[in-house]
Structure formats: C-alpha cells, structure tokens
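The values are calculated or read from the model by the stated rules, or taken from the named source; none is laboratory data. These numbers were taken from a predicted model, which means no experiment stands behind them. Don't worry about glycine lacking a Cβ; one is built from the backbone with ideal geometry, like all the others, and counts go over all protein chains shown. Please note that ligands, DNA and RNA were not included when accessible areas were found on the heavy atoms of the full protein model with its side chains. Shrake-Rupley method; radii C 1.70, N 1.55, O 1.52, S 1.80 Å.
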Amino acid sequence: MIDSQICTLSSLESPELLAWSEVLRPLWDPDGTDGKPFVMHRKMWEWLFICAVLSERGVLAPGRRGLGFGVGQEPLVAVFANLGVEIVATDLPPDLAIERGWTTSGREYSDSIDALNNVGLCPDDAFQRLVTFRPVDMVAIPAELRGFDFNWSSCAFEHLGSLEAGLKFLVEQMRCIRPGGFAVHTTEYNVSSNEETVNRGGTVLYRRRDVEAVILHLRREGYQVQCDFTLGDTPSDRHVDVAPFSDVHLRTRLGEFATTSLGLVIHKPDDWQPQRPDRAAGGQVSRMRRLAGALRPGRAGGPPTSPGRSATSSPDAEPL
Ligand SMILES: C[S@@+](CC[C@H](N)C(=O)[O-])C[C@H]1O[C@@H](n2cnc3c(N)ncnc32)[C@H](O)[C@@H]1O
C-alpha cells in the first residue's frame, strides 16, 4: 500500500504511478505522439501519487464522495468524476484569489467547474452531474462539509500564510471525512535543511520536523499516519532545476532552499471517536498550542535557528 512519502524518481517509475500517468496522458501528450511513460515533474508526481493512493484504498468508485481543496485547474476532479465519484471541488473565494495573485497566471485558479474538464478526461454529462464547485477558504472550512469518503489537495496547504496555518488545516480537514475515510495532501518539502526554512509568506516550506510534529498530533487525535522520509538519490533526484527549466524537474529552489514534494496520507479508522466534549475543548486547545510551539524555529528539538524567513520567489511559477 502506498503511504506518505517524498517525490522520487523510483516512486514515479512504480507500476501504480505509471498506470495513472497513462490516464493523464491526454493532458501532457495531447497528440499521443510522445514516447515517454511519464513527465519527470514533481507536480505530476503529486497528481499521480494522489490518484494511486486513493485508488488503492478503494474510494475511487461510483457512489463515493470526494472533497478537493484549492483545486485550481488540476485534472484530478475530472479523473475522479470519470470513475463515478461525486466531487465537491473548492478553491478560494474570487475576491481573495484576486487579492493574493492566484488569478494572474490564468492557469492556477478556478471559481467554477468550467476549467476543470478542459481536456475531456470525463464525459461532459457525467461531469456536470457529479461535480459541484464551492468557494472555500482552507483556513475556515464550512461546518456542513462532512461525511466525505476522501479529501485531497495538491500544492495548496503551503500557501496559507504560515507553516502553522497549513498544519492546522491538516488537522481541521479531517472533520470532513467519515470514519473509515482517507485524506491525501501534497506540499513543498525542504530538502536542504531540517532547521532553517521559509516559515511564513505566500509559499512556506515544510521541514521533516514540521511533518513529524503534525503526524504526532494527528496520531494523538486517533488518526493513522505513516511517513517514509527517504529521499531519492539518482542524478535526476539530486538535480535542482531552476529557470530556464529543464525536463528533469523533481526538485527546484525556493529562496536558498532546494525543495521537492511530499505526499501525506491520513486515515480515520472505522471506529474513530471524537474526543469527549469536556476533554476536547481543553485538550484540543493545548494540543494545538504544542503543535504551534513545535513549529517555532529552534523549538522542535533541533538546534536553535534564526528567526522565521519568508521567500519572494514561488516555485509555482514553474511550468509543468
Ligand atoms: C499552486 S496552486 C495549485 C492548484 C491545483 N491544486 C494544482 O495542483 O494545480 C494553489 C491553489 O491553492 C489555492 N489556495 C491558496 N490559498 C488558499 C486558501 N486559503 N484556501 C483555498 N485555496 C487556496 C489557490 O487559489 C490555488 O488554486
């Protein structure tokens, strides 16, 4: 079973991800003339990883319900609808998206289902029947979004303003999932350092220790999470691609840090129970405080670090 892991060439070359690469071929090889089995890009890895994880867990089937956060114009909504899954696709409300620059490129944001089946990965009638769009800010998830078989996001929770905001999202979004369901979320991972990082701004960069802190927190809440932090070690894995970009793009640079992608898989067990109300109020608050404390530079068990940083360049400008 594929579990939480870091983007590597060997993962991209696995039979599971290769099979999904064929499903997405109309997106990256519209004429069907490209002989390659996949595109060597961390963002493609994120999409294939999400598909493979959900498929293995049996939730990509008719009658299932999925909730996508910060979907932008990604192809996964159409892929899942094509398998009969009912999808609620969400992204920032338009005023916030404009204010934060997400509409500028014309290919990173959507405020309706119109751009979500651009290459026809799902027949139009099924797409219209199964997919709804709803503006949702990931830092304030509406209480009525509940009972989903799965949630996902790709390249989104690192854009919530701070490390802490993204990790709070990971905890909060689990409320949307029914017992027995799954969440899979991908993000930016700091390959250069487990101490220094970009901890606030438009794009933040998670270190291993941040991911370990949130995994611990999620486990205390009764969720199941495993993570393999093994980095790839082939020349393609080690290559840090910067503009002008090449076709080997598993790592790139954000500020002074080399970055790749991380995929997190979180399971809410069948017998999961919420904390008892009297403990939940105090317990939840103090656990969130502990998580916030763990994220402060120099407070996560590692050596002291410099104050938080922000970066101006965003790897999301990279072409796919
Ligand atoms: C880099 S794009 C990724 C889009 C898409 N998931 C993909 O993989 O192509 C980041 C997405 O996150 C969305 N986003 C950023 N901040 C958000 C927030 N606070 N709530 C919801 N979505 C947000 C943006 O509007 C954008 O669609």
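For segment 163-214, the residue among 201, 191, 176 whose Cα projects farthest onto the positive side of the dipole built from Cβ charges is 176.
Temperature 37 °C, viscosity 0.692 mPa s: under these conditions the Stokes-Einstein estimate for segment 178-255, based on its Kirkwood radius over C-alpha pairs, is 222 µm² per second. The length gained on full extension between residue 238 and residue 125, counted as 0.36 nm times the residue separation minus their Cα-Cα distance, comes to 36.3 nm. In plain terms, the bigger the Kirkwood radius, the slower the diffusion; for segment 65-132, with that radius from Cα pairs, at 10 °C and 1.306 mPa s, Stokes-Einstein puts D at 132 µm²/s.
Considering the chain, its Cα convex hull presents a mean projected area of 16.1 nm². For a straight C-alpha distance cut-off of 21 angstrom, the lysines reachable from residue 168 (same-chain residues fewer than eight places away being disregarded) are 268.
Helix content alone sets the calculated 222 nm mean residue ellipticity of the chain: runs of n ≥ 4 DSSP H residues at -39500 (n - 2.57) each, divided across all residues, give -8500 deg cm²/dmol.
The length gained on full extension between residue 231 and residue 172, counted as 0.36 nm times the residue separation minus their Cα-Cα distance, comes to 18.4 nm.
Between residue 28 and residue 10, the contour length at 0.36 nm per residue exceeds the Cα-Cα span by 4.5 nm.
Can you tell which of 127, 216, 155 lies farthest toward the positive end of the dipole of segment 4-317, using +1 and -1 charges on the Cβ of basic and acidic side chains (Lys, Arg; Asp, Glu)? The residue sitting most towards the positive pole is 216.
The accessible-area ordering, largest first, of the residues 217, 159, 239 stands as 239, 159, 217, per a 1.4 angstrom probe. What a 1.4 Å probe finds exposed on segment 4-317 is 51% carbon and sulfur by accessible area, rounded to a whole percent.
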